[in-house]
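Report on the following structure.
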Amino acid sequence: MRSEPAEVYPGESVRLDLTIADRTGPITTASVDWAFCSAPKPPTENNVISDRCLRDEVRSIGGHGLAVMAQVPVDACALFGPELPPSAAGDMVPRPRDPDHSGGFYQPVRARVLGLTAIGLVRIRCGLSGASQETAAAFRARYLPNRNPSGGPLSATEEETPISLAAVPAGHSIRFALAVSEDSRESFLWFDPTDQELKLVPEQLRVSWLAGQGSFLRSATTHDAADSHTIHNEWIAPEQAGPVMLWTVLRDSRGGVTVYSHSVQVMAAGPS
C-alpha cells in the first residue's frame, strides 16, 4: 500500500494505491474495502495496530477501486501520535504514542480485498514531543516532509557479465541490481531526545524482493555503503523455461514506498 504524498498533516488528502499480484502478474480489477483505523493501540498490545481495527473499529473510506482519494482524520495525532488520546469509562488509561526510530507517527489504513486484509501506514505530521518550545519551533520551520522513493530499471548479471532480462538461463544464479534515484535517499531533520538536539540524518533504503517462481537469496536487502545508487540481490532462476514476474518494493526509513513489477523470460539451457 502506498500513499501519495508520503507524509501529510491530519486533515489533508492523500491518494491511496493498493498493489495486488499473483504468480502470473498484477491484478488490476478488484473491489477493495478501504478504512482508516480509529482505535489507538494499547501499550499492552505488541502489534503495529490495535486488534480493534481488525474487528471493524474503523472509519470507512469512500470508493472501492485499487486507488482512492481520502482525507486523513483530523484527530490522527491524538489517536496515533504524541497528543493525549481520548479515553472512555472503564478503558485503560491512555498514553501518547512513541515515535518510531525516525521520529515519525502513522495513521493506519486497512484494506480488505479478495478475502485478504492489508495494513498500510500514512505518515502524519504532528508536534514534537519532549522538546523545548524553541526546539519545537525550529523543527517546524526546518523539517521537510517525506517523499516516496523512486527507482530505475532492474539489471541482471551472471558472474559479472551483463545479461538481458529477456534471456535468463534456467536454473542459474542471477545477480539483480535495482537502480535508485539520486534524490531518493533524503536527509531529514530528527530530534535526538537524549541530547535534546536537532540532527540531520540520512534515510536508509530497503528493497523487498518477490518472485512468482525461483527463489531469492534474501527477502530484503539494503544499499551497500560503497554503492548508494543500486540495491542488489541474488536470484536462483527456476529450472523450467517461461515468463516469470518479479516485484521490487522500495522503502525508505520514513515510511515511503514504491512498487515495481518486472517481467523476466527464463530460457531453457542449451545442449551441453
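Against the condition part of a strand (DSSP E or B) and either over 21 Å from the mean Cα position of the chain (by Cα) or within 24 Å of Leu144 (Cα to Cα) (or both), how does Arg251 come out, does it pass? So Arg251 passes the test. Determine whether Leu144 is assigned to a loop (DSSP other than H, G, I, E, B), in the same structural domain as Gln265 (by TED's automatic domain parsing) and surrounded by 15 or more Cβ atoms within 10 Å (Cβ to Cβ). Judged against the criteria, Leu144 is not a match. Residues in segment 99-137 that are more than 30 Å from Thr19 (Cα to Cα), of a type in the set (Gly, Ala, Ser) and either touching a strand residue (DSSP E or B) at 6+ places or on another chain (Cβ under 6 Å) or part of a strand (DSSP E or B) (or both): 1 in all.
What are the residues in segment 214-241 that are surrounded by 17 or more Cβ atoms within 10 Å (Cβ to Cβ) and either at pLDDT 95 or above or among the β-branched types (Val, Ile, Thr) (or both), if any? Break it down stepwise before answering.
Initial filter on segment 214-241 (surrounded by 17 or more Cβ atoms within 10 Å (Cβ to Cβ)): 214, 216, 221, 223, 230-233, 235, 237-238.
Passing the criteria: Gly214, Phe216, Thr221, Thr230, Ile231, His232, Asn233, Trp235, Ala237, Pro238.
When we screen Gln196, Gln204 for residues that are polar (S, T, N, Q), touching a residue at least 40 places away in the same chain (Cβ under 8 Å) and loosely packed, with under 12 Cβ neighbours inside 10 Å, the only hit is Gln196. Within segment 207-246, the residues that satisfy the criterion of being more than 17 Å from Gly171 (Cβ to Cβ), touching a residue at least 24 places away in the same chain (Cβ under 8 Å) and either touching a His at 6+ places or on another chain (Cβ under 7 Å) or β-branched (Val, Ile, Thr) (or both) are Val207, Thr230, Ile231.
Tell me, please, whether a residue that is closer than 28 Å to Glu186 by Cβ and in contact with a Pro (Cβ under 9 Å, 6 or more places away or on another chain) can be found in segment 49-58.
Of the residues in segment 49-58, the ones closer than 28 Å to Glu186 by Cβ are 49.
Those left that are additionally in contact with a Pro (Cβ under 9 Å, 6 or more places away or on another chain): 49.
Within segment 49-58, one or more residues are closer than 28 Å to Glu186 by Cβ and in contact with a Pro (Cβ under 9 Å, 6 or more places away or on another chain).
The values are calculated or read from the model by the stated rules, or taken from the named source; none is laboratory data. The structure displayed is predicted, hence computed values, not measured ones. Quick reminder, even Gly has a Cβ in these numbers, built from the backbone with ideal geometry, and neighbours come from all protein chains shown.
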